[in-house]
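Data first, discussion second: the structure below is written as structure tokens.
The values are calculated or read from the model by the stated rules, or taken from the named source; none is laboratory data. Just so we're clear, the structure is a prediction, and the values are computed from it rather than from any experiment. Cβ placement follows ideal geometry from the backbone for every residue including glycine, while neighbour counts extend to all protein chains displayed. Accessible surface areas use protein heavy atoms only, side chains included; no ligands, DNA or RNA. Shrake-Rupley method; radii C 1.70, N 1.55, O 1.52, S 1.80 Å.
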Amino acid sequence: MEINEFESKMQKSLASLKEEYTSIRAGRANPHILDRITVDYYGAPSPLQSVANISVPEARIIQIQPWEASLIKEIEKAIMVSDVGITPSNDGRIIRLVFPELTEERRKELVRDVKKKAENAKVAIRNIRREANDLIKKNQKANEISEDEAKQLEDKVQKLTDKYVGMIDNMMEDKSKEIMTV
């Protein structure tokens, strides 16, 4: 019986959390918050990155320069309906997203969100552990593995679980520090 498939599921949970954390803005402009935004480009939904140049000229400004001027209204509309929470402004050629300085209250709110996402990731890891342990017990009952092998596998699964929960805790701490740094 292989533990690798369960470790790869745990890695996916970790990667998912990392992706969620990139969409949480910490007062600085991060172009990754635009990763999930799609724009209607000649009738086909296209990722924003494929129809415009995205840059960060200053710490709190994201600049979006569409490759076709006709896309400005479409891009603005896509940003408005997204969960970015910032109203875009344009000068006819370039769209700017200006990130306001975060208030203390907003920072604490974001940290709560970070902790909630981390807790959800830990639950996912624990569910994977339970799934692995159920499979071990099933194999033991079917006499495919001995009691000793089952114990060793359960220990390995627990060590993996501890490792990934620790990694989630570290990510949560880092993101919380980043948000609380003024």
Self-check item: the stretch 25-48 - residue that is open to solvent by less than 20 Å² (accessible area, probe 1.4 Å) and in contact with a helix residue (DSSP H, G or I) (Cβ under 6 Å, 6 or more places away or on another chain) and, of those, nearest to I94 (Cα to Cα)
Solution: L48
Exercise. Restrict the check to the stretch 106-118 and report whether at least one residue is among the β-branched types (V, I, T), over 22 Å from N30 (Cβ atoms), at pLDDT 90 or above and surrounded by 14 or more Cβ atoms within 10 Å (Cβ to Cβ).
Key: no
Quiz item: Going by the structure shown, is K73 under 30 Å from M180 (Cα atoms), part of a helix (DSSP H, G or I), at pLDDT below 90 and open to solvent by 20 Å² or more (accessible area, probe 1.4 Å)?
Solution: no
Quiz item: Since Q158 meets every condition but one in (1) within 16 Å of S16 (Cα to Cα); (2) open to solvent by less than 90 Å² (accessible area, probe 1.4 Å), which condition does it not meet?
Solution: (1)
Quiz prompt | Odd one out for V84, checked against (1) in contact (Cβ under 8 Å) with a residue 12 or more places away in the chain; (2) open to solvent by 80 Å² or more (accessible area, probe 1.4 Å); (3) among the β-branched types (V, I, T) | solution = (2)
Practice problem: Run R129 past the list (1) in contact with a Lys or Arg (Cβ under 8 Å, 6 or more places away or on another chain); (2) crowded, with 19+ Cβ neighbours inside 10 Å and report the number of the one that doesn't hold. | Solution: (1)
Exercise. State yes or no: is K137 open to solvent by 80 Å² or more (accessible area, probe 1.4 Å), out of contact with any Asp or Glu (no Cβ under 6 Å at 6 or more places or on another chain), on the phi < 0 side of the Ramachandran plot and assigned to a helix (DSSP H, G or I)?
Key: yes
Quiz prompt | Count of the stretch 49-67 residues which are without any contact (Cβ under 8 Å) to a residue 40 or more places away in the chain and open to solvent by 50 Å² or more (accessible area, probe 1.4 Å) | solution = 9
Exercise. Evaluate the following for K18: is it farther than 23 Å from K77 by Cβ and either free of Cβ contacts under 8 Å to residues at least 24 places away in the same chain or touching a Pro at 6+ places or on another chain (Cβ under 9 Å) (or both)?
Key: no
